[in-house]
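Here's the structure, in structure tokens; my notes come after.
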There are 2 protein chains.
Amino acid sequence: MSLSDTNSWKGIRTELLRRIHDRIWQPGEQIPHEADLAEEFGCARTTVNRALRDLAQSGLVVRKRRAGTRVALNPPQRATLTIPIIREEIEALGHTYRHSLLERDLRPLPPVLHGAFQVTLGADVLFLKTLHFADDRPYAYEERYINLEAAPEARDLAFDRISANEWLVHNAPYTHGDLSFFAVNAGDNLSRQLDAAEGTALFAMERITWSADLPITHVRLIFAPGYRMRTEI
Amino acid sequence: MSLSDTNSWKGIRTELLRRIHDRIWQPGEQIPHEADLAEEFGCARTTVNRALRDLAQSGLVVRKRRAGTRVALNPPQRATLTIPIIREEIEALGHTYRHSLLERDLRPLPPVLHGAFQVTLGADVLFLKTLHFADDRPYAYEERYINLEAAPEARDLAFDRISANEWLVHNAPYTHGDLSFFAVNAGDNLSRQLDAAEGTALFAMERITWSADLPITHVRLIFAPGYRMRTEI
DNA sequence: TAAGATAATATGCATGCACATATTAACGTG
DNA sequence: CACGTTAATATGTGCATGCATATTATCTTA
């Protein structure tokens, strides 16, 4: 059975996609009901449903009960980013990974983070500064706060062998998080660490993760000059 | 029926998620077969299948025929970014949107783009420079190339009322594209357009879209200082 | 006629079943 | 014992059916 056969849900999806791309069904226009499509394609309604659900998930059609299915007016430009573990990203590029722990101590959470990262007032958090290398060239600079209430074992770990990121991924899985991307100028410290001219624009990522209501970690990663985060859509 | 009931596929998903988060099923470990889970939850295998498919899509479990389902070793740091139409993004923030077309002409494709954006050799492309404003403050600067072979009607459009982005979304839908994010320093031109000090780090996005094999447009958007692209994971 | 009750309808979902397909394990055979 | 064949098995998918649920259209009733 080939993919273009219309009697598999993927085949039906392909055909529906074609009709949308070829503007046979215009944006905003209502498309036939599941039952009608099922009859047309000579398959069960379930199968059409599967195809339509898939299109709805990718945002190409909008579905509402009773109201029917219509082609999305503004196909959301939705992209799935895969944020790799730095070591894996570097090794995938064929380079050798290593990291160096620049700093590790317990300290109160800095006031700027009080809003976003609500740990028990006055409790110390574990602070880590790490530099990630690819073939001995600096790749990314990391500043991380770990909530010891969420990961008490972290207090006794050095994080010189395994990186905090990898340890946390395996030992304190999160349920949800916030992620943001932005640009920063290399200041005094960053330019030294990342071997960049002072003032260079650097790509940065900030992430906070929670396990249910408990914040786990706040991490800010700043990449060496030239870094691009890519994806396909 | 509440979400936590185990006899709906979402309820089952919730329960499976709990077992993964609580490390009842460890990363890398194989979890029971669909049939066993169906029996345990007292539902049809199809329903368990639906829940597992959903978990697989979000990357939390890895499924292979015959081999079974196992908890992902490296829980995917996968994030879905929604790249909004700028006008909608600005209006959603409660600001007034307007844009101004700074430049519009036909020209050959610049050599740097020959690799990524393969239009017929020697053919002119439509070049647009646009500045997007939120409440009369510059919000983003856009440089765009449109392949006239993919969207011939664009040749006769002024793009002073409707933005090229919105027009293309509605009139030349793409099948796939490449997207990347990076940081740039504000040069002479950018600092003037975006009202930023020279050298300021700016967040930038580049996107190329195709309809099947035909390139449609190449766009580079550079945002005013302070811009953050956010998402939840 | 406006507001509220009621019916109609499209999608959402669960079930039981059958068969397809990929992958691994077991088995022969040279 | 290496290698190719075959069987076993877990997931993938399709179908017919029935009921659930959200939303709209229609029909009351004051």
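Tabulated results
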read-out: For A:G177: the one exception among (1) more than 8 Å from chain B (Cβ to nearest Cβ); (2) open to solvent by less than 10 Å² (accessible area, probe 1.4 Å); value: (1)
read-out: Among (1) farther than 30 Å from B:A196 by Cα; (2) open to solvent by less than 80 Å² (accessible area, probe 1.4 Å), the one test that A:A196 misses; value: (1)
read-out: Boolean, A:R78 is surrounded by 13 or more Cβ atoms within 10 Å (Cβ to Cβ) and assigned to a strand (DSSP E or B); value: yes
read-out: Any hit, the stretch A:33-51, residues being within 14 Å of another protein chain (Cβ to nearest Cβ) and under 22 Å from B:T209 (Cα atoms); value: no
read-out: Extreme residue, farthest from B:T96 (Cα to Cα), among residues of the stretch B:109-138 that are buried (at least 19 other Cβ atoms within 10 Å of the Cβ) and touching a His at 6+ places or on another chain (Cβ under 7 Å); value: B:F117
read-out: Counted residues, the stretch A:196-229 - those being facing chain B (nearest Cβ under 10 Å), within 22 Å of A:L81 (Cβ to Cβ) and polar (S, T, N, Q); value: 2
read-out: So B:T14, is it farther than 21 Å from A:R50 by Cα, β-branched (V, I, T), open to solvent by 60 Å² or more (accessible area, probe 1.4 Å) and within 13 Å of DNA strand C (Cβ to nearest atom); value: yes
read-out: Selected residue [over 22 Å from B:F203 (Cβ atoms), touching a residue at least 40 places away in the same chain (Cβ under 8 Å) and β-branched (V, I, T)] from B:V119, B:V125; value: B:V119
read-out: Test set (1) away from chain B (no Cβ under 14 Å); (2) within 16 Å of DNA strand C (Cβ to nearest atom) - A:A56 fails condition number; value: (1)
read-out: Scan of the stretch A:49-66 for residues that are within 20 Å of B:T175 (Cα to Cα), open to solvent by 60 Å² or more (accessible area, probe 1.4 Å) and not in a helix (DSSP H, G or I), ordered by number; value: A:V62
read-out: Criterion (among the β-branched types (V, I, T) and either farther than 27 Å from B:M205 by Cα or in contact with a His (Cβ under 8 Å, 6 or more places away or on another chain) (or both)) met by exactly one of A:I216, A:I222; value: A:I216
read-out: Test set (1) over 27 Å from the mean Cα position of the chain (by Cα); (2) more than 8 Å from DNA strand D (Cβ to nearest atom) - A:Q57 fails condition number; value: (1)
read-out: Residues located in the stretch A:144-160, provided they are open to solvent by 10 Å² or more (accessible area, probe 1.4 Å) and within 13 Å of A:L214 (Cα to Cα); value: A:L148, A:E149, A:A150, A:P152
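Quick grid of which residues meet (1) β-branched (V, I, T); (2) open to solvent by 50 Å² or more (accessible area, probe 1.4 Å); (3) assigned to a strand (DSSP E or B):
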| site | (1), (2), (3) |
| --- | --- |
| A:I90 | yes, no, no |
| A:R104 | no, yes, yes |
| A:R107 | no, yes, yes |
| A:A140 | no, no, yes |
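The values are calculated or read from the model by the stated rules, or taken from the named source; none is laboratory data. Here the structure is a predicted model, which is why all the values come from computation and not from measurement. We place every Cβ from the backbone using ideal geometry, glycine too, and count neighbours over all the protein chains shown. Only protein heavy atoms, including side chains, enter the accessible area calculation; ligands, DNA and RNA are left aside. Shrake-Rupley method; radii C 1.70, N 1.55, O 1.52, S 1.80 Å.
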